[in-house]
Every structure is written in structure tokens, then in C-alpha cells.
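S.K.: Quick one: this structure, given as C-alpha cells, is what I'll be asking you about.
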Amino acid sequence: MRPLTPPSPLPTLVVLGEADDRLAIGKHRPEFERLAASGVDLTLWVIPEASHGLMLGPGNSLGCPAGLHERLVGWVKDVVGVAKR
């Protein structure tokens, strides 16, 4: 694996589809986990059964996983410090 650039001081969200056919999850997930464990402000989500585009079903026919958009918005709000109502 090639060396990474210095970590960003910004919080980073990495979202991977468990059924991604373009990215080798088994190869990349341990590296993201290592970075997070080393103190890099990195959040890793692996979406069960989701494709590279984070969609479900054959040919992405079932759309986005339920609650994914809300979860993304919640993460952003937490990072920027927006109070929950």
C-alpha cells in the first residue's frame, strides 16, 4: 500500500458499502481502522449489503438503506456542533 499523506486535522467520515464490487473492503478497512486507532479523527461506517454507491438490492433496485441520509446529517451536525432539537 502506498504511503498516505499526513492526516487531515478535520474530522473525516469514511462510508463503505459491504458489498462494494470496486473497492476491496477487506484490504482497506483495516487501514482505516488503524488510522482511527492511532488518533486520526476518522469515523468508519460499513453499510451492510450496500454496493459501491451505498445502494441495496440487485442493480441497486432497493435504493439507499433506511435511515442512511438521517445518519449522515446527524454525523455532520455532531461534527459542527449543531444542537439537536
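A short reminder: the numbers here are calculations on the coordinates, not readings from a lab. Values in this document were obtained by computation on a predicted structure and should not be read as measured data. Cβ: placed from backbone, ideal geometry, glycine included. Neighbour counts: every protein chain shown.
S.K.: Please report Rg over Rh for segment 12-80, where both radii come from the alpha carbon positions and Rh follows the Kirkwood definition.
M.R.: Details: Rg = 12.9 Å, Rh = 12.9 Å.
Ratio value, two decimals: 1.00.
S.K.: Please turn the phi angles of segment 33-43 into ³J(HN,Hα) values with the Karplus equation 6.51 cos²θ - 1.76 cosθ + 1.60 (θ = phi - 60°), one per residue in order, whole Hz, x for glycine and proline.
M.R.: Calculated HN-Hα couplings, in order: 5, 5, 4, 4, 5, 7, x, 5, 6, 10, 10 Hz.
S.K.: Within a Cβ distance under 13 Å of residue 65, other residues only, what is the Lys/Arg minus Asp/Glu net charge?
M.R.: Values: positive: 71; negative: 18, 49, 70.
Summing Lys and Arg as +1 and Asp and Glu as -1 gives -2.
S.K.: About its Cα centre, what dipole magnitude does the chain give when the only charges are +1 on Lys and Arg Cβ and -1 on Asp and Glu Cβ, stated in debye to the nearest 20?
M.R.: Numbers: 9 positive and 9 negative charges, 43 e Å.
With Lys and Arg at +1 and Asp and Glu at -1, about 200 debye.
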